[in-house]
Amino acid sequence: MNTDLALWKVVINLPESLKKELLNYAEYLRKKYPNNQQSTEKMETFKGYGSWADKIIMSDDFDEPLEDLAEYISIIDN
């Protein structure tokens, strides 16, 4: 089922007051995203988890204790 049909099935059964509220929200979205074709394409390009793989590099000493916290670490160790 496509989005238009699913939306229509929900809207058709709403009371008139909620239809007006939904219309107001749809108009708000249209103003917020005036070029809706581009904004829709941007939302659909989400590649999911792992999409930043090989783009973020962590240093080799990432898990090493920080020198700035040495005083606190010595208190914890004692």
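The values are calculated or read from the model by the stated rules, or taken from the named source; none is laboratory data. These numbers were taken from a predicted model, which means no experiment stands behind them. Neighbour counts run over all protein chains shown; Cβ positions are idealised from the backbone, glycine included.
Odds and ends about this structure:
- For segment 29-78, filtered to residues that are basic (Lys, Arg) and in a loop (DSSP other than H, G, I, E, B), the residue that is modelled with the lowest pLDDT is 47.
- Residue count, segment 1-28 (criterion: loosely packed, with under 11 Cβ neighbours inside 10 Å and part of a loop (DSSP other than H, G, I, E, B)): 5
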